[in-house]
Amino acid sequence: MRYSDRVARRFDFGRFRITRGALTVAALEVVVSLAWLVLGRAQQLRLYPWVAATPTTVFHAGRVWTLATSVFVEPDFLTLLLGLILLWSFIPTLERFWGTAQFFRFFAITSLTGTIAGTLAGLALGSDEPIFGISPFVYAASVLRSTAFLSFEPWLISNDCSTVPPNDQPTERTGPTPRASIRPAASSAIWSIV
């Protein structure tokens, strides 16, 4: 038996595949951001008021669509690369858990909320800085993933570590393990807000 066959038997590589929704978001981000980066400085300055969400463009000029267009523009290549790594590595887990439609809804709500909050903060502080990228979505997804898929085992803290209870079995001191109770609670709490 070849080494690659033994590795494939031991590990499930299916969880590393990117999902359709995350791939769609990544493709839009790459196409629009690379188009922005390829443009010359003069073209970027000409398109800037029509693409970038700033307090001036949104509130004074009335270009509300910039709240959606600036989400897909990332003017820094390193930030684009790191965002794509996060989109590939752990965000597809959320889409597998919810489904593609709810994943797109979560993406739209967190991205627009982050862009609106950034432009309102700029308006309040008197700053006219642009809000670019999918950082609000990535931050919200990382916080959500860390809370919704929490697998904290309270028996690891106890003094008696001689016996390890199986994952979803009740124990005498703690009842059901948090893995069985946190997922539904986190999911219902988040979707009641959305």
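The values are calculated or read from the model by the stated rules, or taken from the named source; none is laboratory data. Every value quoted in this text rests on a predicted model; they were computed, and no experiment measured them. Neighbour counts are summed over all protein chains in view; Cβ atoms, including those assigned to glycine, are modelled from backbone coordinates with ideal geometry. Ligands, DNA and RNA are excluded from the accessible area calculation, which covers all protein heavy atoms including side chains. Shrake-Rupley method; radii C 1.70, N 1.55, O 1.52, S 1.80 Å.
Take the Cα of F90, step 7 Å toward its Cβ, do the same at L123, and the gap between the two points is 3.4 nm. When the surface is traced with a 1.4 Å probe over the full set of protein chains, F104 keeps roughly 80 Å² accessible.
Using a Förster radius of 35 Å, what is the FRET efficiency between A61 and V31 based on their Cβ-Cβ separation? Nearest 0.05, please. Intermediate results must be reported in sequence, preceding the final value.
Values: r = 26 Å, r/R0 = 0.74.
Between A61 and V31 the formula returns 0.85.
On the beta carbon distance between L81 and R20, with R0 = 22 Å, the FRET formula returns roughly 0.55. Projected label points at I109 and R46, each 7 Å from Cα along the beta carbon direction, are separated by 4.0 nanometres. When the residues R145, R20, R105 are ordered by accessible surface, computed with a 1.4 Å probe over the protein chains alone, the sequence from largest down reads R20, R105, R145.
Phi angles of the range 17-25 translate, via the Karplus equation with coefficients 6.51, -1.76, 1.60 and θ = phi - 60°, into HN-Hα couplings of 6, 7, 8, 5, x, 5, 5, 5, 4 Hz per residue; Gly and Pro are given as x.
The H on the amide N of A53, modeled in the peptide plane, is under 5 Å from the matching H of S70, I131, each at least 5 residues off or on a different chain.
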